[in-house]
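The values are calculated or read from the model by the stated rules, or taken from the named source; none is laboratory data. In this text the structure is predicted, and so the values were computed from the model without any measurement. A quick note on method: Cβ atoms are made from the backbone with ideal geometry, for glycine too, and the neighbour counts reach across all protein chains shown. Surface accessibility is based on the protein's heavy atoms, side chains included, excluding ligands, DNA and RNA. Shrake-Rupley method; radii C 1.70, N 1.55, O 1.52, S 1.80 Å.
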Amino acid sequence: MFPRTLPNGHVETWHEAQERLLKLNGIIAAVPQFDVITPTNEGVEAWKPEIQSRMMLMKDLIYATHSDIVFADMTPFGGREPDSGTVVEATACVLSGGLLVLWADPLTTYAEKYADADVHPESELDLHYNLMIEQLFYQSWEAHFGFSVPVFDGLEAAVAQTAKLVVPQPSDLDLEKQPDWITADGSFQRISLMNQLESCRGLCLQDAILSLLGHA
């Protein structure tokens, strides 16, 4: 939502950033079953200036924890890492049971991103941006579908693959039983990681981890 430095070195104006956002929203809205919700500061101005930022946080977290799917942009923002607010919202999505979908444009690896640094992360996993948020991303897909996918190279690919799984296809309607991730009424099945974490109370650490990862 904020102006950023594009790969070609151009620094966006506010108007250009909003135009980019509308274009990205259009990619998601092209799937008829998807309703696009983008956090804004609308309505927050009515609160006292000293608490507006706290109200924005609560508003963003409500969106993140009540949306079935969160498409999170992991493109570096103001440095080598993704926007920190996006990381918070992405975490809230997984904990509350929504499906987290990570994408970046361009998609690079740790080694590529830190090639010019004196020290850069050495990762056999060859992850892209944020170790913990990518692990939550894998956990989210494994919980819902039983498999994980790589971080998507662009929003178009992210939306296409996600829609293919969560939007019932005509052929699915002939089945007596919907896929596990679709409820009886055809809506998306939320699987809360927080509930799973709470169920680990009283277990030793190793047993708790095995319990959480047993489906992987």
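When the residues of the range 33-65 are narrowed to those that are part of a helix (DSSP H, G or I), in contact with a helix residue (DSSP H, G or I) (Cβ under 6 Å, 6 or more places away or on another chain) and not hydroxyl-bearing (S, T, Y), which ends up surrounded by the most Cβ atoms within 10 Å (Cβ to Cβ)? Selected residue: A64. Kindly indicate whether V94 is among the β-branched types (V, I, T), buried (at least 18 other Cβ atoms within 10 Å of the Cβ), assigned to a helix (DSSP H, G or I) and in contact (Cβ under 8 Å) with a residue 40 or more places away in the chain. So V94 passes the test. When you look at I27, is it among the aliphatic types (A, V, I, L, M) and touching a residue at least 60 places away in the same chain (Cβ under 8 Å), yes or no? So I27 passes the test.
Within the range 1-28, restricting attention to residues that are part of a loop (DSSP other than H, G, I, E, B) and aliphatic (A, V, I, L, M), the residue that is surrounded by the fewest Cβ atoms within 10 Å (Cβ to Cβ) is L6.
Of all residue pairs spaced 6 or more apart or on separate chains, those with beta-carbon atoms under 7 Å, a first member in the range 194-216 that is over 19 Å from S148 (Cβ atoms) and a second member that is at pLDDT 80 or above are M194/L95; M194/S96. Against the numbered list (1) open to solvent by less than 60 Å² (accessible area, probe 1.4 Å); (2) under 12 Å from the mean Cα position of the chain (by Cα), D68 comes up short only at (1). If the condition is being open to solvent by 50 Å² or more (accessible area, probe 1.4 Å) and in a loop (DSSP other than H, G, I, E, B), then the range 80-91 contributes R80, E81.
Being under 27 Å from I209 (Cα atoms) and of a type in the set (G, A, S) is the filter; apply it to the range 127-172 and report the residue that is surrounded by the most Cβ atoms within 10 Å (Cβ to Cβ). Looking at the filtered set, the residue picked out is S140.
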